[in-house]
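The next block holds one structure in the form of structure tokens; read it before the comments.
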Amino acid sequence: MFEKINLKDWGFGEAFHSPAGEPLSDLEGARIARITGQFREIYRVVSETGEGLAAVTGRFRHEARGPADFPCVGDWVECHGGLTGDTAQISRVLPRLTWLSRKTPGTTTVEQMIAANLDTVCIMQSLDHNFNLARLERYLAAVRAGGASPVILLNKADLCADLNERRAAALAIAGAAPVHVLSAMDDADFAPLAGYTRPGCTVAFVGSSGVGKSTLINRLLGRNLQATRASRADDSRGRHTTVARELFRIPDGGLILDTPGMRELQLWETATPTGEANAAETEFQDIATLAADCQFHDCSHEEEPGCAVRAALQSGDLSERRWRSYRKLTRELEYQKSRADERGQLERKRKDKSLHKMYRRVQSEARRRRRSD
Ligand SMILES: Nc1nc2c(ncn2[C@@H]2O[C@H](COP(=O)(O)OP(=O)(O)OP(=O)(O)O)[C@@H](O)[C@H]2O)c(=O)[nH]1
Ligand SMILES: [Mg+2]
Ligand SMILES: [Zn+2]
């Protein structure tokens, strides 16, 4: 006899109930399922009736406005069919509570969802050549923009001589994010992680290839579910061992999401309620606070008199490194915005052109009618 799966064990919570309070899984004959894996256009899902495969309906595909509208790992979706080994049909993605997204790598300006409905995102770096503050800042900004709580994990403590220095440097930029130093080889280091992997909680692990995400995840799961591989000795760059995002359940514990190492993580400009602050400005609160003291409210912090940011750079209160990091992220977002504006303009031109064509067609039709009258 098959055992009904309790979706709470997979992270289903109050937030996903309908306004009237009834579970969404009772609505309109659809089943609620969570995406636990994705292999191109096929998804692995778990619902009350078990695990299975699913794909989006034709209508879903037709109505999607872009890649970010498609289901991603961690999403809760409405499924139909698929109870007898067939592929289930995904008709809807439930609104995401939190998410992690980035700009699609390469030249296209499109948002790519990495994962959704995450409580915690563990940003992992290894304490060898991989350790990099600017990259930490970039990941922190991306995680906070999607509403999940970031945690910094500095792994391979066994390989690092200046541990305390690096821990202090990470703490200085972490804001409210906790920083844990550990070795994925040493279970004794895992105690602080228990708070994030409680039953029903979803934790994603992100970072460069080779930092030890899958090694740690295997240890937390108590099983070697994920392949791991030694980094290349010459440059410690990793080899992209994990190739897909997958969600696993710790026996009697929370949900863990392994991700492939990322070569680049460019911020995606998410709309903020005010439309003013962007992910970089929210992340760099120290700089925002300084800028509020500049003489001109639209100070570019370049030449203007009474610039509090330049004064802080001169006094050393603001490090050159952090300032460069902030500038880089804000420039990326500005560029993205200009590309979006350009696309908007092209779209308008295209519409104007087709309107103009239609107008000419109507005019000539009218002339033809007048002649034949
Ligand atoms: N010395 C040391 N090696 C570690 C530690 N954690 C992981 N490793 C090693 O680092 C290598 C890469 O580990 P993985 O777990 O495959 O790295 P990953 O982050 O999953 O990499 P991708 O899947 O490519 O993104 C493996 O050889 C691990 O044994 C650690 O704490 N100390
Ligand atoms: Mg891996
Ligand atoms: Zn200024």
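Using a Gaussian network model of the chain whose springs link C-alpha atoms within less than 10 Å, name the residue from His62, His129, His80 with the highest mean-square fluctuation.
His62
Give the cross-link partners of Lys156 among the lysines, using a straight C-alpha distance below 23 Å as the criterion and excluding same-chain residues fewer than 8 apart.
By straight Cα distance, Lys156 reaches Lys213.
Straight distance only, please: which aspartates and glutamates reach the Cα of Lys4 with their own Cα at less than 14 Å, same-chain residues fewer than 8 apart left out?
Candidates past the 8-residue exclusion: Glu48, Glu51.
Could you list the chymotrypsin sites (Phe, Trp or Tyr not before Pro) in segment 126-225 that lie in coil according to DSSP, counting only those with at most 11 other Cβ atoms within 10 Å of their Cβ?
Loop-located and lightly packed - none at all.
Which residues does a label at Lys353 reach in segment 65-80, if reach means a backbone N under 19 Å from a point 7 Å past the Cα toward the Cβ?
The answer is none, because no backbone nitrogen lies closer than 19 Å to the label point.
Only residues of segment 157-196 count here: report those whose backbone N is under 17 Å from the spot 7 Å along Cα→Cβ of Asp128, or say none.
The answer is 157-163, 182-186.
Provide the gained length on full extension for the span Glu51 to Ser315, in nm with one decimal, where the gain is 0.36 nm per separating residue minus the Cα-Cα distance. Walk me through the numbers on the way to the answer.
Values: separation 264, 0.36 × 264 = 95.04 nm, distance 5.90 nm.
Residue separation times 0.36 nm, minus the Cα-Cα distance, leaves 89.1 nm.
Only Lys, Arg, Asp and Glu count, each charged at its Cβ (+1, +1, -1, -1), so figure out the dipole size of the chain about its Cα centre, rounded to 20 debye.
For this selection, approximately 2280 debye.
Taking the chain as a Gaussian network, where each spring joins two C-alpha atoms under 10 Å apart, which residue of Gly306, Gly146, Gly37 fluctuates the most?
Fluctuation is largest for Gly306.
Which Cys in the chain stand alone, with every other cysteine's Cβ at 4.7 Å or more from theirs?
Cys72, Cys79, Cys122, Cys160, Cys201, Cys307
Which residue, Val151, Leu97, Gly344, has the largest displacement toward the positive end of the dipole of the chain when charges sit on each Cβ (Lys, Arg +1; Asp, Glu -1)?
Positive-end residue among those listed: Gly344.
Taking the Cα atoms of segment 269-373 alone, what are Rg (to one decimal) and Dmax (as a whole number) in Å?
When restricted to Cα atoms, segment 269-373 yields Rg and Dmax of 24.7, 85 Å.
What number of lysine-lysine pairs in segment 269-373 show an alpha-carbon separation below 27 angstrom, given a sequence spacing of 8 or more or placement on distinct chains?
5
Test of understanding: extend the Cα→C-beta vector of Arg198 to 7 Å, then name every residue of segment 126-170 with backbone N under 13 Å from that spot.
none
Please sort by residue number the GluC sites (Glu not before Pro) in segment 28-86 whose DSSP state is loop and whose Cβ has at most 16 other Cβ atoms within 10 Å.
Passing both the DSSP loop test and the Cβ count: Glu41, Glu48.
First measure r as the distance between the Cβ atoms of Asp9 and Lys337, then evaluate 1/(1 + (r/R0)^6) with R0 = 41 Å and state the FRET efficiency to the nearest 0.05.
0.50
With each pseudo-label sitting 7 Å past Cα toward Cβ, what's the Arg65-Thr108 distance in nm, one decimal?
Taking the two extended label points, one gets 1.7 nm.
Farthest toward the dipole's positive end in the chain, which of Met358, Ala116, Val73, given Cβ charges of +1 (Lys, Arg) and -1 (Asp, Glu) about the Cα centre?
Checked the options; the winner is Met358.
Please build a GNM for the chain, connecting alpha carbons under 10 Å apart, and tell me which residue among Cys299, Cys79, Cys201 fluctuates the most.
Looking only at Cys299, Cys79, Cys201, the largest GNM fluctuation is found for Cys299.
Could you give the length gained by full extension between Leu163 and Asp286, i.e. 0.36 nm per residue of separation minus their alpha carbon distance, to one decimal place?
The span from Leu163 to Asp286 would gain 41.8 nm if fully extended.
Can you give me the Rg/Rh ratio for the chain, using Cα atoms for both radii and the Kirkwood formula for Rh? Provide the component values of the computation, followed by the final result.
Numbers: Rg = 24.8 Å, Rh = 23.4 Å.
Here the Rg-to-Rh quotient is 1.06.
Read-outs throughout are calculated quantities, based only on the coordinates presented, and are distinct from any laboratory measurement. Computed from a prediction, not measured in an experiment: that's the story for all the values here. When we count neighbours, we look across all protein chains shown, and the Cβ atoms used for this are built from the backbone with ideal geometry, even at glycine.
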